[in-house]
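Enquirer: Could you have a look at this structure, given as structure tokens, before my questions?
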Amino acid sequence: MTVSRGLYGPSRRLVPAYLATQGRTAAPGGHQLERLSILHAAADLPAGLGGEHRQLWELVRPGALTVAEAAAHLRLPVSATIFIAADLADRGALRVRAPIPNARPVSRDLAERLLSGLRALK
């Protein structure tokens, strides 16, 4: 990732995002990556990968990030970050976990019984 510095801070990438994906239109492998997929560093970084790959791997090495968070840190579109993450996952350098599903709403009856039980403990 290369960002030019203007008078008012970072302005735009010197290298277009489509070059980070090598002009591909489909992510490699069978990974079903989406913007909320969670990325973890799994192993050492394989040799022969580009700068964006290294930056993504180093970004998630201390912990886990979603694809959207990683894209924001890298200043890349989410779609380009998905390509880079899929490359790393194919080589075993990243583990990809599905997004955490939305919670189901709690029934009002259950919440009222819980509240009355807590009040009874006084």
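Enquirer: Take Val106 and tell me if it is in a strand (DSSP E or B) and out of contact with any Pro (no Cβ under 8 Å at 6 or more places or on another chain).
Expert: no
Enquirer: In addition: Output the residue which, of all residues in the range 100-115 that are modelled with pLDDT of 85 or more and within 30 Å of Ala68 (Cβ to Cβ), is surrounded by the most Cβ atoms within 10 Å (Cβ to Cβ).
Expert: Val106
Enquirer: Which residues, taken from the range 42-89, are over 21 Å from Pro101 (Cα atoms) and among the charged types (D, E, K, R)?
Expert: Asp44, Glu52, Arg54, Glu58, Arg61, Arg75, Asp87, listed by residue number.
The values are calculated or read from the model by the stated rules, or taken from the named source; none is laboratory data. Remember, predicted model here, so these are calculated numbers, not experimental data. Virtual Cβ from ideal backbone geometry, glycine too; neighbours counted across all protein chains shown.
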